[in-house]
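Engineer: Below: one structure in structure tokens.
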2 protein chains.
Amino acid sequence: MALRIAVLQERAPGENRVALTPETAKKFAALGATVAVEEGAGIGASITDEAYREAGADLGEAAAVVKDADIVLGVQAPDVAMLAGAKPGAWVAASFDPFRNGDLVAAYAKAGLEALAMEFMPRITRAQSMDVLSSQSNLAGYKAVLTAANEYGRAFPMMMTAAGTVQAAKVFVMGVGVAGLQAIATAKRLGAQVSATDVRSATKEQIQSLGAKPIFVENVAGIEGEGSGGYATEMSEEYQKAQAELVSGHIAKQDIVVTTALIPGKPAPRLISDAQIASMKPGSVIFDLAVAQGGNVEGSKPDETVVKHGVKIVGYSNTANHLAADASALFARNLYNFLSAFWDKDAGKPVLDEEIGNAVRLTQGGKVVNERLAAQ
Amino acid sequence: MALRIAVLQERAPGENRVALTPETAKKFAALGATVAVEEGAGIGASITDEAYREAGADLGEAAAVVKDADIVLGVQAPDVAMLAGAKPGAWVAASFDPFRNGDLVAAYAKAGLEALAMEFMPRITRAQSMDVLSSQSNLAGYKAVLTAANEYGRAFPMMMTAAGTVQAAKVFVMGVGVAGLQAIATAKRLGAQVSATDVRSATKEQIQSLGAKPIFVENVAGIEGEGSGGYATEMSEEYQKAQAELVSGHIAKQDIVVTTALIPGKPAPRLISDAQIASMKPGSVIFDLAVAQGGNVEGSKPDETVVKHGVKIVGYSNTANHLAADASALFARNLYNFLSAFWDKDAGKPVLDEEIGNAVRLTQGGKVVNERLAAQ
């Protein structure tokens, strides 16, 4: 019998994404799988039931869709109660936010389900196409700048008009990972004067390659080398102090600041203090991409516009969700790329290898089996 | 005694702009005028009272500011009741929306004030720097695209990611005046695939010069020549029909449509019907820049997101107001350029000439004196 893949409508409040698109439904069907989708699952991402049907999926109510499923796909992992009819030991491939959702992970173990946490995908070359953190961060970086531009009471590009010149906005991006790079690129597109910084000095060239100005202290001893996994290793106290002063002075001159610093499994680092906010011009905008992880900016609140010292501070609890159609398309491709890479034609199902399987697998055989969770 | 220029906080609901900035306050002072500003007038445009004070303005309550004023500046003309203390025959330079505000114009006449409607500025070369319709339309065109991009569930630029390619959005701009040109430029900046059309075929080259694709019927007899003032003159029925069909087919393939068609003193022309909306993909976005003038799009409502056939239709009653800081800066410069161009050093005040004075003057000596209003 064909492997059965089930996709539910997301239940988390405000979640508009969906873990399968008509494109990936067709591709799974081409691998020999049966695909079942809950009615209305694609609405938030502008995908009609009809579009899924045309792609060969069966549509139905949640319980009917999950019944006898071998694999359930999700953007955010569904509650265990939703999965009662799935096959014993069924896989659930989704985001679990495992460090913060211990109870959910425990419930998956207890239910005998195999939870596959997409955010634990190792950052290795062959898994890049399966990496939901990258795909969603990329869109989040774009959306952060668009939202900041939309909140800002001035235009981003320089405009030469009959009534005189409108100056280009000054945009500063703090943290140059996937989201930060896309934020730089988007702000440049919009014609802003863009600068950026990061704790890893190796990002300097990346910043320059996008046409932005790197903000790094020069001529101070003890600048860090890049450690394993691309994370910062050591910085002298002298360097840290000089860099903090440089950044502080720079923030005061900016119209827009976008902060993007996240540390997996830990609260986001504080990058901007209330005193630094007070140093900015009234009408400036700060977008805090880390607001849901505690925030890089003092006083930021998820999904609220906070005004402090005349500066607007914004940030979404779920930024990529605001580009639900593209975010779903990429998330769904990540899931497809993951499962199809391990597809065993004879078995008619995916068989994971150790490197990736052990990295993403949270629960199996009734137990929590992931090393990263054990280490907590 | 020095000429006294007064600026009030705008009273229209939601209006964030202000008719004077510290920059123009300084310039008026340099001409020898005294400048008085109502406390808090600049708040919506991120201008503090302190900044006005530093520029040499006096700050106070509304009545004190207006008292003995020779000239009152406004974005939207204030109610006559606000102007009781001004000098007899004082000038009020502001937007009046004269065709729709007959009662307001009559009240200005009755009060013996001289209303100068900035939107009646003639479209001649030397008045370009005084043209508030142009300066505000330019920003409105930018904001229309930014808002549409922010409502759209996908990204505008093509993105090459590890999870595959995100396609560029298709943006169609209908009406290529000042707002339309800036809409095209902004959508291009954001990386969209942009096309545009207009009833004036002369805009074709302007569209192409911005890197967008003009959508005009080819090889049909009877295409219009451009008439006086840049307006369309004649089009054959055959041409009109062929063009309508071409545009209809084109709309169905777009992700974003921005409509910008306004006719001074008349309701906006209908450009998009419900049937055409229904032909678009779910998740598409239409921005109706003419929504406050009756709308180019069937069913559009000011300041509301209307969803029809899965398509979002948006539009602001006052688009430039959403970029209050820049919109104020340009509006204030327009007013300064206007008054300073006519400044008579000996008299210490502006003296208008006939060409521009008669064009913008609505009321004088207790009467409505404008030809365009008499012709209504």
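The values are calculated or read from the model by the stated rules, or taken from the named source; none is laboratory data. This one's a predicted model, so the numbers in the text were calculated from it and none came from an experiment. Don't worry about glycine lacking a Cβ; one is built from the backbone with ideal geometry, like all the others, and counts go over all protein chains shown. The area values use the complete protein model at the heavy-atom level, side chains included, leaving out ligands, DNA and RNA. Shrake-Rupley method; radii C 1.70, N 1.55, O 1.52, S 1.80 Å.
Engineer: Multiply the residue separation of A:K204 and A:D68 by 0.36 nm, subtract the distance between their alpha-carbon atoms, and state the gained length in nm to one decimal. Kindly include the intermediate steps, with their values, before the conclusion.
Structural biologist: Numbers: separation 136, 0.36 × 136 = 48.96 nm, distance 5.15 nm.
Separation in residues times 0.36 nm, less the Cα-Cα distance, equals 43.8 nm.
Engineer: While we're here: At 0.36 nm per residue, minus the direct Cα-Cα distance, what do A:K281 and A:A374 gain on full extension? Give it in nm, one decimal, please.
Structural biologist: Numbers: separation 93, 0.36 × 93 = 33.48 nm, distance 4.69 nm.
My answer for the length gained is 28.8 nm.
Engineer: Let me ask something additional. Probe radius 1.4 Å, ligands and nucleic acids left out: which of B:V199, B:V75 has the largest accessible area, and how do the rest follow?
Structural biologist: On the way: B:V199 85, B:V75 0 Å².
Most to least solvent-accessible, the answer reads B:V199, B:V75.
Engineer: Then there's this: Measuring from centroid to centroid over Cα atoms, what is the spacing of the stretch B:109-145 and the stretch A:340-376 in Å?
Structural biologist: 66
Engineer: Please give the calculated 222 nm ellipticity per residue for chain A, where each DSSP H segment of at least 4 residues contributes -39500 (n - 2.57) and the sum is spread over every residue; nearest 500 deg cm²/dmol? Mind dumping the intermediate values first?
Structural biologist: Numbers: 12 runs with 117 residues, N = 376.
So the helix-based figure for chain A works out to -9000 deg cm²/dmol.
Engineer: Using the beta-carbon distance between A:I263 and A:V307 and R0 = 30 Å, what value does 1/(1 + (r/R0)^6) give for FRET efficiency, to the nearest 0.05?
Structural biologist: Details: r = 28 Å, r/R0 = 0.92.
Result of the calculation: an efficiency of 0.60.
Engineer: Under 18 Å from a point 7 Å along the Cα-to-Cβ line of B:E355: which residues of the stretch B:311-337 have their amide N that close?
Structural biologist: The answer is B:337, whose backbone nitrogens lie closer than 18 Å to the label point.
Engineer: Between A:S236 and B:K213, what is the label-point separation in nm under the 7 Å Cα-to-beta-carbon projection?
Structural biologist: A separation of 5.8 nm, rounded to one decimal place.
Engineer: Something else: What nm distances, shortest first, do you get from the label point of B:G164 to those in the other copies when the point sits 7 angstrom along Cα to Cβ?
Structural biologist: Inter-copy label distances (nm, one decimal, shortest first): 5.1.
Engineer: Kindly sort A:E238, A:E298 by accessible area of their heavy atoms, largest first, with the probe set to 1.4 Å. All intermediate terms of the calculation are to be shown ahead of the outcome.
Structural biologist: Details: A:E238 115, A:E298 70 Å².
The residues order as A:E238, A:E298, largest area first.
Engineer: Something else now. Could you order peptides B:139-151, A:343-355 by the average number of other Cβ atoms within 10 Å of their residues, highest first?
Structural biologist: Details: B:139-151: 25.4, A:343-355: 12.2.
Taking the mean over residues of other Cβ atoms within 10 Å, the ranking is B:139-151, A:343-355.
Engineer: I've got another one for you. Under a Cβ-Cβ cut-off of 15 Å, what is the net charge of the residues other than A:Q128 that fall near it, where Lys and Arg count +1 and Asp and Glu count -1?
Structural biologist: On the way: positive: A:R123, A:R126, A:R333; negative: A:E119, A:D131, A:E355.
Charge balance near A:Q128 sits at 0.
Engineer: May I pose another question? Under 5 Å between amide H atoms, partner at least 5 residues away or on a different chain: which partners does B:L362 have, H built in plane at 1.01 Å?
Structural biologist: Residues meeting the criterion, in which the H sits 1.01 Å from N, are B:A115, B:L116, B:A117.
Engineer: Rounded to the nearest 0.05, what FRET efficiency is calculated for B:D103 and A:S317 with R0 set to 56 Å and r the Cβ-Cβ distance?
Structural biologist: Numbers: r = 48 Å, r/R0 = 0.85.
Computed FRET efficiency for B:D103 and A:S317: 0.70.
Engineer: If you don't mind, another one. For the pair A:A347/B:D79, report the inter-label distance in nm, with labels modelled 7 Å from Cα in the Cβ direction.
Structural biologist: 7.7
Engineer: If you don't mind, there's one more thing I want to ask. Shortest first, in nm, what separates the label point of B:S248 from those of the same position in the other copies (7 Å along Cα→Cβ)?
Structural biologist: Distances between equivalent label points, in nm: 6.6.
Engineer: So how much accessible area does B:Y336 have, in Å² to the nearest 10, using a 1.4 Å probe?
Structural biologist: 40
Engineer: Another one. Given H placed on each backbone N at 1.01 Å, which residues far from A:V37 in sequence or on other chains put an amide H within less than 5 Å of it?
Structural biologist: Long-range HN contacts for A:V37: A:V7, A:D58, A:L59, A:G60.
Engineer: Taking A:S236 in one copy and the same position in all the others, each labelled 7 Å out along Cα→Cβ, what are the pairwise distances from the first, in nm, shortest first?
Structural biologist: List, nearest first: 8.1 nm.
Engineer: In peptide A:183-196, how many Cβ atoms from other protein chains are near each Cβ within 10 Å, on average?
Structural biologist: Values: counts 0, 0, 3, 6, 0, 1, 7, 6, 4, 0, 0, 0, 0, 0.
Average per residue, whole number: 2.
Engineer: Also, I was wondering about something else. So who's got an amide H within less than 5 Å of the one on B:G112, skipping anything under 5 residues away but keeping other chains? H placed 1.01 Å off N, in plane.
Structural biologist: Residues meeting the criterion, in which the H sits 1.01 Å from N, are B:G366.
Engineer: Further question: Take every residue in peptide B:141-151, count the Cβ atoms of other chains within 10 Å of its Cβ, and give the average of those counts. Kindly include the intermediate steps, with their values, before the conclusion.
Structural biologist: Working: counts 0, 8, 3, 0, 0, 8, 2, 0, 6, 8, 2.
The per-residue average across the peptide is 3.
Engineer: Please turn the phi angles of the stretch B:256-261 into ³J(HN,Hα) values with the Karplus equation 6.51 cos²θ - 1.76 cosθ + 1.60 (θ = phi - 60°), one per residue in order, whole Hz, x for glycine and proline.
Structural biologist: Here the 3J(HN,Hα) series is 10, 10, 10, 10, 9, 8 Hz.
Engineer: With each label point set 7 Å from Cα along the Cα-Cβ vector, what nm distance links A:D58 and B:S248?
Structural biologist: 4.2
Engineer: Go through A:K188/B:K27; B:K110/B:K349; A:K87/A:K143; B:K204/B:K281 and tell me which ones have a Cα-Cα distance over 30 Å in this structure. Before the final figure, lay out each step's value.
Structural biologist: On the way: A:K188/B:K27 33 Å; B:K110/B:K349 24 Å; A:K87/A:K143 39 Å; B:K204/B:K281 27 Å.
Table pairs above 30 Å Cα-Cα are A:K188/B:K27; A:K87/A:K143.
Engineer: Average partner chain C-beta neighbours within 10 Å, per residue of A:161-171? List each step's numbers first, then the result.
Structural biologist: On the way: counts 13, 14, 18, 9, 3, 10, 2, 0, 1, 0, 0.
Averaged over the peptide's residues, the number is 6.
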